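Contents: one structure, followed by commentary.
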């Protein structure tokens, strides 16, 4: 009998354990998993959020100066309608929130969904006060770092072309403009959802953050950085460019087969000589080049509130791959945002600041700032000295009579930049230009890419020039 | 309006639920404590008149023929669970548990009665003396 | 003793106030459609007080806590049922009343349970009865909610398996009291596997699990032999794996448990909606009437716990688990204090099956374990379950109260 009694007590222990594990799991669930359910993409299926949404007047999205870009109004039949006042220019950045229609959400609308629904920092006391005062439920307003005037200009410049523009403040990381073309009018999503989603030109794709392109000669910034950091003696090399190089039996030519003749590092940079950089790259070696590429974040995705694609930088296997990589060809794929950040490293004494789109979130009723972004460091790939050296090279690209970026010159302002003409299997090369200005004390860094646009210096540089000029003369 | 009421009462209800739980667990605690307390020894004793055996009483002592009783008396005239002696405060009480042949204190049949030092308790055909 | 009783009645008063406040809110939120609803709602607390009073009178040595605890659980159930399916409220109250009636009947029946042990050929009768009930739905039954375990008579739906549970426990207690050697254990094992198999065919995996695991636990109780336990669970694991590959619906359940996001609108809809509800509640809940328990499927029965977590918060859910814990504790106590092995085994078996059921359904809806189709006793809507749960507690009460069987008494000379 006593054995039985003992076993019954053990049984009690087992059940006690089972019940308490239930309690523990419930508590764990509430503490950790809960947020996932409310904010993850699966929240699409959470009808409660949809119901809540319907009750709240969704907050507005504004540019850095308070100009309204997107807002919600109540229609005659009581439903909410979202209006995009500058539709196509901002379509990819702002995105949309169509959870109610089981169509998901993207962009700022997705990233700041909770803020726009007033669900962040809603202290039950504040909520209570709102209700008692009969103010109803209104979401909070999101102020972006983007400058509408600049964005509109960039969009006009890119209309009719395929590609992207990213402009940011290299000292703070604030994104001043982010355009992706071809675009669409988000006000037409209700009517033309299918058509827009399945457009052969992928208008919904944010090419600035998720378009992946070979960087072409803009990558030479990174190659140069690797030289200056790991093998500075190579910087003093002098070379006689014949217009092509043969690596392991493969002939790689300069653009147009032009032989540049005698050149030092500086000249090779501003004429963008492939042969020189290939030879340099071969001397640098795989390790050094990979190291610097990773230091610039080419094996990661850039952290940003909206989705960014992961840059593609496969391990270099062999001399041919090394040669191609040194000039930004081969298998490398980067987003325009990444190259804008690379330029900003040079502009900002070697430090890449973390880019961000949201300036602050404000409660429209009280005017209180609920959330605010502050500048923070992202990567520090190079030292100030190296940055300064590259800076003077980039000044040469724009200001030297032989520089490939001459079209980016602005009277009275020193612009620094680098062109890129990226060969790709889909047609004409992609035209790249990255720049920052004024070189002495940079306020803006830009990356422009025009798909299949041709020569970077001819097609992309003028666009960058216009953007920089407009920004600096505002 | 309902919203405010529901929010306030939400906390009230949770409070009530846990007050309920607190009481429930208190009952369990009292159970456990009570059982332990019942097993404590006292200074009182019960002994056969013939003097052969003496038992020291607990706070609550059961008497009967069954093995489960604290004091086992093997006599067919004693019921399986015949009586209980309980200590309350400083006093002792004997309680008959519906036995067949009854419980007697100093010759008088009782259901529940106080017992004092020297009282003779009769269960069935067995006499016991209560000493404290 | 006084304090004991006082605390008990205070607890019951708490139950009363919770009921009053909750239903005041509920009726404000949604006016009852029929006068009947109001009458029955008012009748409920009256019922509880009557039951409490009777219980104290009739069973002074009994487990009054059972009344207090079931009063709490049933009222939480009623609150949520009115919230999501107000038309079922009256029916549930009727079932609760019937349940309490059966509680008293069971208590009396089991005060003197010796006859169950002594019944000639008892074991055979019990097991045939149990298996008969279980298998009846295979041939005559209806499939509801994915499992073929219902019989219908004239519009009344019953689950014979619920009754089989109790009879099976009696069988187990009787069998294991005397038969503990290897051969008998093996025979028992075969019987249990057979029963689990029938349930599997009926697609009622929850019951299969309950019967099987309870048997393993009971075998452990009487033999203390861990080898039996290990092989019991081992076989169950093998069975589970086989079921995974053989039965499509088993595979779905397990995959839904491991990755609920794989097919949200389709196969994993139930568990996902349950999780959303629990997440929405936070610690204190959304407040009665402010949540959306109607978005949860099968919410009046299987997922009622999720609805409670939504409107009463995690704290509410935890409170319910604690109440079941206390019921379990009291059941174990009955088993420990039973006057013979047969009683102890019955009590242990009953409380094991009961506790396992609670663990299974709560664990399933919070995604701690895969989902199975068992109900939450006293809380879920459902007659068969309610009635049999009350009967079970009544049996435990009876075993605890039972008077000694007096042997032949010689009359005293005086």
Quick check on my filter: what residues within region C:13-27 are within 8 Å of chain B (Cβ to nearest Cβ) and without any contact (Cβ under 8 Å) to a residue 60 or more places away in the chain? C:14, C:17, C:18, C:21
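Keeping to region C:28-37, report how many residues are away from chain B (no Cβ under 14 Å) and surrounded by 14 or more Cβ atoms within 10 Å (Cβ to Cβ).
Residues flagged as away from chain B (no Cβ under 14 Å) and surrounded by 14 or more Cβ atoms within 10 Å (Cβ to Cβ) within region C:28-37 amount to 2.
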Out of (1) surrounded by fewer than 23 Cβ atoms within 10 Å (Cβ to Cβ); (2) within 20 Å of residue A:445 (Cβ to Cβ), the odd one out for residue A:321 is which? (2)
Of the conditions (1) out of contact with any helix residue (DSSP H, G or I) (no Cβ under 8 Å at 6 or more places or on another chain); (2) part of a helix (DSSP H, G or I); (3) within 13 Å of chain B (Cβ to nearest Cβ), the single one that residue C:252 does not satisfy is (3)
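Among the candidates A:305, A:263, single out the residue that is modelled with pLDDT of 90 or more, closer than 23 Å to residue A:419 by Cβ and surrounded by fewer than 23 Cβ atoms within 10 Å (Cβ to Cβ).
Step by step, each of A:305, A:263 is checked, and only A:263 is modelled with pLDDT of 90 or more, closer than 23 Å to residue A:419 by Cβ and surrounded by fewer than 23 Cβ atoms within 10 Å (Cβ to Cβ).
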Among the listed residues C:10, C:6, which satisfies the condition of being in a helix (DSSP H, G or I), within 8 Å of chain B (Cβ to nearest Cβ) and surrounded by fewer than 19 Cβ atoms within 10 Å (Cβ to Cβ)? C:10
Return only the number of the condition from (1) more than 14 Å from every other protein chain (Cβ to nearest Cβ); (2) surrounded by 19 or more Cβ atoms within 10 Å (Cβ to Cβ); (3) closer than 27 Å to residue C:307 by Cα that residue C:55 does not satisfy. (3)
Keeping to region C:129-161, report how many residues are surrounded by fewer than 18 Cβ atoms within 10 Å (Cβ to Cβ) and not in a strand (DSSP E or B). 10
Of the residues in region C:260-281, those that are touching a residue at least 24 places away in the same chain (Cβ under 8 Å), more than 26 Å from the chain's Cα centre (by Cα) and facing another protein chain (nearest Cβ under 7 Å) number 1
Right, residue C:275: within 26 Å of residue A:13 (Cβ to Cβ) and outside any loop (DSSP other than H, G, I, E, B) or not? no
Look at region C:110-128 and say how many of its residues are surrounded by fewer than 16 Cβ atoms within 10 Å (Cβ to Cβ) and under 23 Å from the mean Cα position of the chain (by Cα). 1
Look at residue C:291 and say whether it is buried (at least 20 other Cβ atoms within 10 Å of the Cβ), outside any helix (DSSP H, G or I) and within 11 Å of chain B (Cβ to nearest Cβ). yes
Per the list (1) touching a strand residue (DSSP E or B) at 6+ places or on another chain (Cβ under 8 Å); (2) at positive phi, residue check on residue B:56 breaks on (2)
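Here's the yes/no breakdown for (1) more than 14 Å from chain C (Cβ to nearest Cβ); (2) at pLDDT 85 or above:
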| residue | (1), (2) |
| --- | --- |
| B:38 | no, no |
| B:41 | yes, no |
| B:56 | yes, yes |
| B:75 | no, yes |
Hits in region A:163-210 (condition: within 13 Å of residue A:339 (Cα to Cα) and surrounded by fewer than 23 Cβ atoms within 10 Å (Cβ to Cβ)): A:210
Go through the residues of region C:225-247 one by one and say whether even a single one is within 13 Å of another protein chain (Cβ to nearest Cβ), closer than 19 Å to residue C:350 by Cβ and surrounded by 14 or more Cβ atoms within 10 Å (Cβ to Cβ). no
Residue check for residue C:298: at positive phi and either in contact with a helix residue (DSSP H, G or I) (Cβ under 7 Å, 6 or more places away or on another chain) or surrounded by fewer than 22 Cβ atoms within 10 Å (Cβ to Cβ) (or both): yes
Just to be sure before I move on: is residue B:1 farther than 30 Å from residue B:127 by Cβ and exposed (fewer than 14 other Cβ atoms within 10 Å of the Cβ) in the structure I sent? yes
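Conditions (1) farther than 21 Å from residue C:379 by Cβ; (2) more than 8 Å from every other protein chain (Cβ to nearest Cβ), marked per residue:
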position	(1), (2)
C:304	no, yes
C:308	no, yes
C:329	no, no
C:339	yes, no
C:346	yes, yes
For region A:430-441, what are the residues that are surrounded by fewer than 24 Cβ atoms within 10 Å (Cβ to Cβ) and farther than 12 Å from residue A:398 by Cβ? A:440, A:441
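The values are calculated or read from the model by the stated rules, or taken from the named source; none is laboratory data. Since this is a predicted model, take the numbers as computed values, not measurements. Please note: Cβ atoms are built from the backbone with ideal geometry, for glycine as well, and neighbour counts cover all protein chains shown.
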